[in-house]
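One structure is given below, encoded as structure tokens.
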Amino acid sequence: KDYVLQVRSNAQKLASELVKKGYHVISNGTDNHLMLVDLTNKNISGKDAENALGKAGITVNKNMVPFDQRSPFVTSGIRVGTPASTTRGMKEDDMVKIAEFIDRAVTNHENETILTDISQDVKTLCSQFPLFSGK
């Protein structure tokens, strides 16, 4: 039960941080483990955002948004979830950092150097939350 509540709390924090950065989160937030982010106002497709975030070490999925003008193969949005980061032990403060990483990657999606720098920042954050304790 505690894990599920943390997943939701992390998702709500991540959504609110993205909104603060000018992202349009469909339904203005989330009540569950994921959110749909419309990138139309950021002048980037879901496909390009998915690729840039992947290079930055962040896994998301391109996703259509309501009334999407782009094809399902390109999309105008991304779907972001928090179960994987929560499983590692991340909390709300870490969602603030992840929102910053996402914003930097989307804003600089054509800059390979910045995407590589973000990838290093992501690795540093994740190293604080190993998947296995070694026990």
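Is there a residue in the range 74-91 that is of a type in the set (S, T, Y), over 23 Å from F132 (Cα atoms) and at pLDDT 95 or above?
Checking the range 74-91: at least one residue is of a type in the set (S, T, Y), over 23 Å from F132 (Cα atoms) and at pLDDT 95 or above.
Considering only the range 104-135, state which residues are among the acidic types (D, E), part of a helix (DSSP H, G or I) and either free of Cβ contacts under 8 Å to residues at least 12 places away in the same chain or surrounded by fewer than 14 Cβ atoms within 10 Å (Cβ to Cβ) (or both).
E112, D117
Can you pull out every residue in the range 45-63 that is touching a helix residue (DSSP H, G or I) at 6+ places or on another chain (Cβ under 8 Å), buried (at least 18 other Cβ atoms within 10 Å of the Cβ) and either at pLDDT below 95 or in a loop (DSSP other than H, G, I, E, B) (or both)?
A56, G57, I58, V60
R88: under 11 Å from L53 (Cβ atoms) and open to solvent by 30 Å² or more (accessible area, probe 1.4 Å), yes or no?
Answer is no for this residue.
Please tell me if A99 is surrounded by 21 or more Cβ atoms within 10 Å (Cβ to Cβ), of a type in the set (A, V, I, L, M), in contact with a Phe, Trp or Tyr (Cβ under 7 Å, 6 or more places away or on another chain) and touching a residue at least 24 places away in the same chain (Cβ under 8 Å).
The answer is no for A99.
So S27 ticks every box in (1) under 23 Å from T116 (Cα atoms); (2) out of contact with any helix residue (DSSP H, G or I) (no Cβ under 8 Å at 6 or more places or on another chain) but one. Which box is left unticked?
For S27, the failing item is (1).
The values are calculated or read from the model by the stated rules, or taken from the named source; none is laboratory data. Only a predicted model underlies this, so the values are computations on that prediction, with no experimental measurement involved. Because the Cβ atoms are built from the backbone with ideal geometry, glycine has one as well, and the counts that use them run over all protein chains shown. Surface areas here come from the heavy atoms of the whole protein model, side chains and all, with no ligands, DNA or RNA. Shrake-Rupley method; radii C 1.70, N 1.55, O 1.52, S 1.80 Å.
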